[in-house]
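The values are calculated or read from the model by the stated rules, or taken from the named source; none is laboratory data. The model shown is predicted, which means the values in this text are computed figures rather than measured ones. Please note: Cβ atoms are built from the backbone with ideal geometry, for glycine as well, and neighbour counts cover all protein chains shown.
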Amino acid sequence: MAGGVGDDKNKKRAAIAKVVRKAHLGGLSDNGGDDLGTDPFGNPEIIRDLIDKFIMPEEVDRLADLGQMQFILEYLGTFLKVVEALRVQGDLQTEVDSLQGKVTEVELLVEEKVVENENL
């Protein structure tokens, strides 16, 4: 029974150490971010810390499990989706420009009709 109590204490200590370590990893590794220096973008420590904060570990693990061809196909598919989205966006912009031109034509015709009606 005494061994069980000691094990519980060790588990609690391990859990506390894990929480403290996670909290430390979440902060900037130099001095807590109080003094970023004159050019924080030139500081590789800050850049590394920011990258670490924005990396999605699940996605990194998933990509690491892919074979080389699967990885290439995954990103080729993503690239093609982006290209298609840009094409659709271009098509929509062309349609918007066309409709704006028609609105301008209609506004000019309305102005002409107003002038004609005023002259009657």
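When you scan the stretch 38-65, how many residues do you find that are more than 17 Å from the chain's Cα centre (by Cα), acidic (D, E) and surrounded by 10 or more Cβ atoms within 10 Å (Cβ to Cβ)?
Final tally of qualifying residues: 1.
Could you grab me the full set of residues in the stretch 66-76 that are loosely packed, with under 10 Cβ neighbours inside 10 Å and part of a helix (DSSP H, G or I)?
Within the stretch 66-76, Q68, M69 qualify.
Within the stretch 24-33, does at least one residue satisfy the condition of being at pLDDT 75 or above and in a helix (DSSP H, G or I)?
no
Please verify whether R48 is in contact (Cβ under 8 Å) with a residue 12 or more places away in the chain and part of a helix (DSSP H, G or I), treating the condition exactly as stated.
Yes; evaluated as a whole, the condition is true for this residue.
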